[in-house]
Amino acid sequence: MDTPSFRPEEPGSDASAFAVGYKAHQGDMMVYGGGALTIFGVVGTIVHASPLGFIASAVGTMSAVYFVPTMDVRSPQLGASKDELFIAKVGVLPWSRVTEMFVQHRALRTMRLATLIVRTEGKVSEALERSDGTFWGKFSAQNARVSGDTVKVQLHTLAMAPQEVEQRLFALRGR
């Protein structure tokens, strides 16, 4: 499915459309670590003829494949315009179907975590104007989680500061 394109109308304006992807190097450790585990597992299987090496290589390969989407910094994970909200692997929600939206801030030791919580009229799948995602996308890392009428989007994994995302979303929605 085509990803909607959200282009900034006026840079610096809080009420301009925007799209943001993952931070650079967000998933590097998991992808490259999984690749390294795959190689070590294959070598261990060949050298020692042990099934443990094969299991390690399978786990490494699955980890690398699962986290590959987190390395794509060009694809938007969250975007908004004056008419709608785009959430990658979920779809496009018209603002008229969003009943509640807020950002939950938490601290975990030295990390500051932010989660956008969006509630819709009825189930999220019914409120969508257009869905986004593929069959294989369900088996890879996602920045959003859907449960009933709620979508939770991790903002701290995105290239834009969570406070800026929050300001721009509320400006576009009109609070």
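Descriptive notes on the structure:
- Complete set of residues in the range 73-88 that are out of contact with any Phe, Trp or Tyr (no Cβ under 7 Å at 6 or more places or on another chain) and either open to solvent by 60 Å² or more (accessible area, probe 1.4 Å) or within 15 Å of Asp28 (Cβ to Cβ) (or both): Arg74, Lys82
- Residues in the range 114-139 that are part of a strand (DSSP E or B) and over 17 Å from Leu169 (Cβ atoms) were compared, and the one that is farthest from the chain's Cα centre (by Cα) is Arg130.
- Filtered residue count, the range 157-175, keeping only those that are touching a Ser or Thr at 6+ places or on another chain (Cβ under 8 Å) and assigned to a loop (DSSP other than H, G, I, E, B): 1
Condition check ((1) more than 30 Å from Tyr32 (Cα to Cα); (2) of a type in the set (A, V, I, L, M); (3) out of contact with any helix residue (DSSP H, G or I) (no Cβ under 8 Å at 6 or more places or on another chain)) across all residues:
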{"position": "Arg74", "(1), (2), (3)": "no, no, yes"}
{"position": "Gln104", "(1), (2), (3)": "yes, no, yes"}
{"position": "Leu116", "(1), (2), (3)": "no, yes, no"}
{"position": "Glu121", "(1), (2), (3)": "yes, no, no"}
{"position": "Phe135", "(1), (2), (3)": "no, no, yes"}
{"position": "Ser140", "(1), (2), (3)": "no, no, no"}
{"position": "Asp149", "(1), (2), (3)": "yes, no, no"}
{"position": "Thr157", "(1), (2), (3)": "no, no, no"}
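- If you check Val65, Val73 for being under 21 Å from Phe135 (Cβ atoms) and either of a type in the set (D, E, K, R) or under 16 Å from the mean Cα position of the chain (by Cα) (or both), only one passes: Val65.
- The residues of the range 89-113 that are surrounded by fewer than 17 Cβ atoms within 10 Å (Cβ to Cβ) and assigned to a helix (DSSP H, G or I), listed by number, are Trp95, Ser96.
The values are calculated or read from the model by the stated rules, or taken from the named source; none is laboratory data. Owing to the predicted nature of the structure, the values given are computational and were not obtained by experimental measurement. Cβ atoms come from the backbone with ideal geometry, glycine included; neighbour counts cover every protein chain shown. Heavy atoms of the whole protein, side chains included, go into the accessibility calculation; ligands, DNA and RNA do not. Shrake-Rupley method; radii C 1.70, N 1.55, O 1.52, S 1.80 Å.
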